[in-house]
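Reading through the structure tokens given below for one structure.
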Amino acid sequence: MDRIISARIDDRIYKKINDLSVKMNTSKKSVIEKAIELLGKAYQESSKTDVFEETCGIWKRTDSPEKIFSIARGAFNKSLKRHKR
């Protein structure tokens, strides 16, 4: 689904987008989308982020598995007793 955005840009940037779209024989939308993709790739490569490190850090918990289990089990049991008559 395409979204509509509105932004004020400098006139020289608009001219660059327009010139590129004419040279590439494509739309201004396509030029902007490709530029954002390239900028995102460049940022990821320069920041050298480790996706595994960012998303799988759950194993680095300081609490023991037994403590985590007892907390979760306690919350579960409490929720079961909440509506008991």
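The values are calculated or read from the model by the stated rules, or taken from the named source; none is laboratory data. Not measured: the values here are computed from a predicted model. Cβ: placed from backbone, ideal geometry, glycine included. Neighbour counts: every protein chain shown.
Return the total of residues in the range 1-13 being assigned to a helix (DSSP H, G or I) and basic (Lys, Arg). Write out each step before concluding.
Taking the range 1-13 and keeping what is assigned to a helix (DSSP H, G or I), we get 11-13.
If we keep only those that are basic (Lys, Arg) too, we end up with 12.
Summing the residues that are assigned to a helix (DSSP H, G or I) and basic (Lys, Arg) in the range 1-13 gives 1.
Going through the range 14-29 one residue at a time, which ones are part of a helix (DSSP H, G or I) and either surrounded by 13 or more Cβ atoms within 10 Å (Cβ to Cβ) or of a type in the set (D, E, K, R) (or both)?
Lys15, Lys16, Ile17, Asp19, Leu20, Ser21, Lys23, Lys28, Lys29
Given the structure, is Lys84 within 30 Å of the chain's Cα centre (by Cα) and modelled with pLDDT under 85? Full working, then the answer.
Details: within 30 Å of the chain's Cα centre (by Cα): no; modelled with pLDDT under 85: yes.
So Lys84 fails the test.
Consider only pairs whose beta carbons are under 7 Å apart and that are at least six residues apart or on different chains; among these, list those whose first residue lies in the range 26-43 and is under 14 Å from Lys16 (Cα atoms) and whose second residue is surrounded by 13 or more Cβ atoms within 10 Å (Cβ to Cβ) and among the small types (Gly, Ala, Ser).
Ser27/Ser21; Lys28/Ser21; Val31/Ser21
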